[in-house]
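To keep things clear, I will list the structure first and then write my remarks on it.
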Amino acid sequence: MPNQLEVDGPAPAVEFEIVEDSGLLSALMEHSADRIYFKDLESRLIKISRAQAELLRLADPSDAIGKTDHDFFGLIRVRDSCWRIQ
C-alpha cells in the first residue's frame, strides 16, 4: 500500500486564506460607514458592524449578539415592519 498523508483540517494555504478573509471582514465591519448585520435562521443577530451598533446605541457591536429586532424596537414596531415586508 502506498504511503498516505493524513491531514487534520485544512491545508496551510487554505487556512491562511480563511484567516485573511476573516481579517478583511473584520476590517469592513469595524470601519465601514455602512450599517451591516447578519442574522441566523431565527432572526437573531450574529454579527453587526460598528456603524449598526452606533445606530442601535450600543457601546460595542458584540452587545447585539443573540438579540432580535424585538429587543431593540419593541413588539408593535417589529410586527408592523413584518406586515409591510410581507
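Summary table below
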read-out	value
Selected residue (criterion: nearest to residue 34 (Cα to Cα)) from residues of segment 46-72 that are of a type in the set (Lys, Arg) and out of contact with any helix residue (DSSP H, G or I) (no Cβ under 6 Å at 6 or more places or on another chain)	47
Candidate set: segment 17-40, residues that are of a type in the set (A, V, I, L, M, F, W, C) and at pLDDT below 90; chosen: the one surrounded by the most Cβ atoms within 10 Å (Cβ to Cβ)	25
Residue check for residue 49: of a type in the set (S, T, N, Q), at pLDDT 90 or above and touching an Asp or Glu at 6+ places or on another chain (Cβ under 7 Å)	yes
Output for segment 50-66, where each listed residue is under 16 Å from residue 40 (Cβ atoms) and surrounded by fewer than 16 Cβ atoms within 10 Å (Cβ to Cβ)	62, 65, 66
Cross-chain or 6+ apart pairs with Cβ under 8 Å, segment 37-49 first and under 11 Å from residue 66 (Cβ atoms), then in a loop (DSSP other than H, G, I, E, B) and among the basic types (Lys, Arg)	44/67; 45/67
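The values are calculated or read from the model by the stated rules, or taken from the named source; none is laboratory data. These numbers were taken from a predicted model, which means no experiment stands behind them. Every residue, glycine as well, gets a Cβ built from its backbone with ideal geometry; the counts of neighbours run over all protein chains shown.
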